[in-house]
Amino acid sequence: MSFFSLTFAVFLIGIFFIWWLLPQKARPFLLCAANLVFAAALGFWAFAMLGFITLLGYLGGLVLQKVPRGPLLFFGVLVLLAPLALYKYLPILPFAWAAPFSQLMAPLGLSFYTFKSISYLIEVKRRTIPAVKNPILFFGYIGFFPQLPMGPIQRPAPFFEALAGQPRHLDSALALNACTRICWALFLKKCLADPLSGFTQLLEWPDYGHSLGVVWSLVAYSLYLYFDFASYSQLAIAFGELLGLPCAENFKSPYFSRSIGEFWKRWHISLSSFLRDYIYIPLGGSRNGTAVLILATMVTFLLSGIWHGATAGFVVWGGMHGLFLLIGRATKKLRERFWAKTPGFCRGPVRSVLSWAFTMLLVAAGWFFFATRTLPQAAAIAQHLFQPMPLSVLYFKESLTQLNLFPPELLRLGIFGLVAALVDFKSRDTGFGPWAAKLRTPVRVVLCYFCIFAVLFFGASGSLPGIYFAF
């Protein structure tokens with residue numbers, strides 16, 4: 001059941017009206033029923049696996065509440081990760097007995113609700129929350145339908161607090177902000193993400209274009225990845241807000257970062273904070289010497305790469321970001337001394353622009369391996385990427401037309417891209433939701449009407465699956 005389908009729209013509207021007609025104590029039962037219906041629409045295996053993970057997490061929390069010591073947490077996490085590991089890595093094992101599993105596909109959302117279950121067990125172990133004894137409430141959290149396909153990976157404490165503290169009547173300010181989010185998400189998906197996905201083909205078939213065209217495909221992929229995932233995150237948060245169950249921002253203008261460290265504080269925040277709190281810090285973090293810092297950083301980012309996929313490209317992507325962070329940390333004092341010796345006008349906007357440009361270059365280099373996924377494919381494309389690029393207008397024009405990027409498409413994407421960049425820049429401190437909530441009503445109305453107009457008259461027809469469905 002796609003978020004962009006008419007079926008889901010009818011489903012959500014029905015849940016919304018029934019939710020606010022019911023007394024607070026009855027709403028968890030409605031949420032449980034909605035989660036079941038949505039999961040069933042994803043297919044039998046998605047439904048069954050969600051039930052299995054929910055049962056493991058629920059029973060594990062009760063056991064950890066009574067026996068907090070010992071290896072029970074480790075065992076529980078291991079059991080929860082087992083289905084995810086089997087689905088992701090069994091198909092690629094180079095053994096004859098693994099051949100029948102080569103086409104095995106993970107149920108949609110498995111990674112996200114597995115991580116939510118792990119987060120719950122760790123928080124129970126740490127005594128930051130008590131174990132939930134009501135299975136209805138627990139399934140409301142694990143199977144929360146807006147977050148089921150692509151996250152965010154919401155922590156348990158804020159969710160249970162919001163569910164327990166439900167207001168009797170609809171919060172009109174929160175609902176209005178949710179509607180603004182929905183309009184913005186539709187704009188990002190239909191007017192930017194889906195159209196941009198059609199210009200990434202040279203990352204798969206580089207023989208059909210110039211080397212400069214490969215660069216345009218990499219730029220298109222980088223933007224497509226962000227706009228697509230951000231649109232789904234905005235929708236998931238908005239649907240929760242409509243039910244009085246808000247969630248923290250998952251993106252805060254990551255493409256305006258001026259360092260890799262800042263990028264990871266703005267990109268896929270729910271995953272990066274999960275990795276930080278449950279892997280990086282327990283491994284020693286940054287307060288136990290250089291060797292521990294290097295180990296914790298590299299293990300965290302390599303595991304991030306492995307989570308995204310079982311091919312070498314994802315591992316290289318994770319390793320690159322770990323190295324970028326370590327190098328940035330090691331050279332911080334040197335860079336500060338360098339900038340201190342430069343003229344005063346270079347220490348403000350000039351430094352910010354150069355830092356931003358270099359960071360985006362590093363991020364794009366990482367996305368190259370993320371997009372190509374395998375080292376042979378990366379090598380094949382690199383051969384085309386580093387070929388000579390003639391300085392001629394004809395070559396530049398052909399590099400665009402080979403991707404079917406003609407003036408009307410360029411103009412449309414340019415205007416919509418500038419609007420998205422402006423909104424991202426203005427909301428970079430807080431994220432889109434809190435920024436939109438502070439807009440004056442006329443400005444918010446204009447923004448919503450612009451998004452609706454753009455989607456109706458210029459948006460892509462149909463709807464492509466979210467790129468993070470694969471993870």
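Report whether or not E249 is among the acidic types (D, E) and assigned to a loop (DSSP other than H, G, I, E, B). Judged against the criteria, E249 is a match. Look at the range 251-275: where a residue is more than 23 Å from W184 (Cα to Cα) and a partner is small (G, A, S) and crowded, with 22+ Cβ neighbours inside 10 Å, sitting 6+ places away or on another chain with Cβ atoms under 6 Å, you get L275/S304.
Candidates R373, R347, R351: the one that is under 31 Å from the mean Cα position of the chain (by Cα) and over 28 Å from V214 (Cα atoms) is R351. When F75, F112 are checked against the criterion of being of a type in the set (F, W, Y), under 21 Å from S272 (Cβ atoms) and modelled with pLDDT under 95, a single residue qualifies: F112.
Exactly one residue out of F358, F368, F406, F396 is within 28 Å of G309 (Cα to Cα), hydrophobic (A, V, I, L, M, F, W, C) and either surrounded by fewer than 13 Cβ atoms within 10 Å (Cβ to Cβ) or in contact with a Leu (Cβ under 8 Å, 6 or more places away or on another chain) (or both), and it is F368. For the range 267-293, residues that are farther than 26 Å from F256 by Cα, assigned to a helix (DSSP H, G or I) and under 25 Å from the mean Cα position of the chain (by Cα) total 2. Which pairs turn up if I take residues in the range 111-140 that are assigned by TED's automatic domain parsing to the domain that holds L56 and among the aliphatic types (A, V, I, L, M) and look for partners that are surrounded by fewer than 21 Cβ atoms within 10 Å (Cβ to Cβ) and in a loop (DSSP other than H, G, I, E, B) with beta carbon separation below 9 Å, at least 6 apart in sequence or on another chain? Note: pairs meeting the criteria are I122/T128; V124/P68; V124/P130; V124/A131. Please verify whether the range 325-340 includes one or more residues that are closer than 30 Å to W205 by Cα, in the same structural domain as R258 (by TED's automatic domain parsing), over 24 Å from the mean Cα position of the chain (by Cα) and crowded, with 16+ Cβ neighbours inside 10 Å. Within the range 325-340, not a single residue is closer than 30 Å to W205 by Cα, in the same structural domain as R258 (by TED's automatic domain parsing), over 24 Å from the mean Cα position of the chain (by Cα) and crowded, with 16+ Cβ neighbours inside 10 Å.
Restricting to the range 148-192, count the residues that are over 18 Å from N35 (Cβ atoms) and among the aromatic types (F, W, Y). The number of residues fulfilling the criteria is 2.
Checking F47, F16 one by one, the residue that is out of contact with any Cys (no Cβ under 8 Å at 6 or more places or on another chain), assigned to a helix (DSSP H, G or I) and more than 16 Å from Y113 (Cβ to Cβ) is F16 and no other.
The values are calculated or read from the model by the stated rules, or taken from the named source; none is laboratory data. Computed from a predicted structure; not experimentally measured. Heads up, the Cβs are rebuilt from the backbone with ideal geometry, glycines too, and the neighbour counts pull from every protein chain shown.
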